[in-house]
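Before any comments, here is the structure.
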Amino acid sequence: MKHEFLLKFLNATSNVLDIIIPGLCANCGKEAYNSKVLCDYCSTSIIIRKSAQKIGNNLLFAATNYQDSAARNLIKTMKYDCVLKAGTPLAEIIIKHLDISGFKKILPKDKKVFIVPVPIHFMKKWRRGFNQSEILANIIGNSLNIPVVKALKRRMYTPPQSHITDDKIRLLNIKKCFILSRKSVIIPPKSVIIILDDIVSSGGTIKEAARTIKPLHPSQIIFVSALSR
Ligand SMILES: [Zn+2]
């Protein structure tokens, strides 16, 4: 996508500038060195969960709590200020969480595993230039050696879930908004599918993604995110 290249170029340019003039921490506003989005203090302040949560019958591996301001500001900086490099520390906290919470132990050795990022509508992707969940999925997939398949497509443009406070309306907002993409045929039956989103609030979005992916007959669906309630 042209947009993503342009953003990568602008982000790279800002990295060069950071060497001359240090950037400001996206959380506390103090100087952040070495082209980092957060200062050292704020990045070490993020409390990473040591265990998984449950959403219905599925496990959710969410790196940290939604109340964590440093992690929340990382996501905001990435999504709304289009700072792609914020994806790296976000992916790192997810990888750390997966490492300490027994994620690898629950993966069956005899099954194929795939990461499926939660898609955003193509209009939103065009405007933002990237899908944050895809960026996180690619970094995590690379690190854990798990293939990433964009098996889902978003067919409806829905208001952001974060703008809706009522859980019932949230569910209606997201209902039937995904479909399987052509790439979904890559995933054979009985695979383990990891659905990855940046934020899980009521769980409506990832549950709907799981419901859409069921015709692929996965043996297990696991949810992974950076933040959750
Ligand atoms: Zn800071």
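The values are calculated or read from the model by the stated rules, or taken from the named source; none is laboratory data. Computed from a predicted structure; not experimentally measured. Note: ideal-geometry Cβ built from the backbone for every residue, glycine included; neighbour counts use all protein chains shown.
A compact table of results
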quantity: Members of segment 118-177 found to be modelled with pLDDT of 95 or more and β-branched (Val, Ile, Thr), listed by number; calculated: VAL118, ILE135, ILE139, ILE140, ILE146, VAL148, VAL149
quantity: Verdict on PHE130 being among the hydrophobic types (A, V, I, L, M, F, W, C) and touching a Cys at 6+ places or on another chain (Cβ under 9 Å); calculated: yes
quantity: Pick from segment 79-95, criterion within 16 Å of the ligand (Cβ to nearest atom) and hydrophobic (A, V, I, L, M, F, W, C), ranking: modelled with the lowest pLDDT; calculated: VAL83
quantity: Tally of residues being within 8 Å of the ligand (Cβ to nearest atom) and either without any contact (Cβ under 8 Å) to a residue 40 or more places away in the chain or surrounded by fewer than 22 Cβ atoms within 10 Å (Cβ to Cβ) (or both) across segment 25-39; calculated: 6
quantity: Of all residues making up segment 203-216, the number that are small (Gly, Ala, Ser) and either at positive phi or surrounded by fewer than 19 Cβ atoms within 10 Å (Cβ to Cβ) (or both); calculated: 1
quantity: In segment 1-53, residue modelled with the highest pLDDT [restricted to those that are part of a loop (DSSP other than H, G, I, E, B), touching a Cys at 6+ places or on another chain (Cβ under 9 Å) and over 28 Å from ARG229 (Cβ atoms)]; calculated: LYS30
quantity: Qualifying residues in segment 45-70 (those that are within 18 Å of the chain's Cα centre (by Cα) and free of Cβ contacts under 8 Å to residues at least 40 places away in the same chain) - the one farthest from the ligand (Cβ to nearest atom); calculated: LYS54
quantity: Strands (runs of 3 or more DSSP E) (entirely within segment 98-182) containing at least 2 residues that are surrounded by 20 or more Cβ atoms within 10 Å (Cβ to Cβ), more than 15 Å from the chain's Cα centre (by Cα) and touching a residue at least 24 places away in the same chain (Cβ under 8 Å); calculated: none
quantity: Evaluation of CYS42 against (1) within 16 Å of the ligand (Cβ to nearest atom); (2) free of Cβ contacts under 8 Å to residues at least 12 places away in the same chain (one fails), failing number; calculated: (2)
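For every residue, the table says whether it meets (1) of a type in the set (A, V, I, L, M, F, W, C); (2) out of contact with any Lys or Arg (no Cβ under 7 Å at 6 or more places or on another chain).
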position: ILE95; (1), (2): yes, yes
position: SER101; (1), (2): no, no
position: PRO108; (1), (2): no, yes
position: VAL118; (1), (2): yes, yes
position: LYS124; (1), (2): no, yes
position: GLN132; (1), (2): no, no
position: ASN138; (1), (2): no, yes
position: SER143; (1), (2): no, yes
position: LEU152; (1), (2): yes, yes
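Each row is one residue, and each column tells you yes or no for (1) touching a residue at least 60 places away in the same chain (Cβ under 8 Å); (2) within 17 Å of ASP167 (Cβ to Cβ); (3) part of a helix (DSSP H, G or I).
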{"residue": "ASP197", "(1), (2), (3)": "yes, yes, no"}
{"residue": "ARG211", "(1), (2), (3)": "no, yes, yes"}
{"residue": "PRO215", "(1), (2), (3)": "no, no, yes"}
{"residue": "PRO218", "(1), (2), (3)": "no, no, no"}
{"residue": "ILE221", "(1), (2), (3)": "yes, no, no"}
{"residue": "SER225", "(1), (2), (3)": "yes, no, no"}
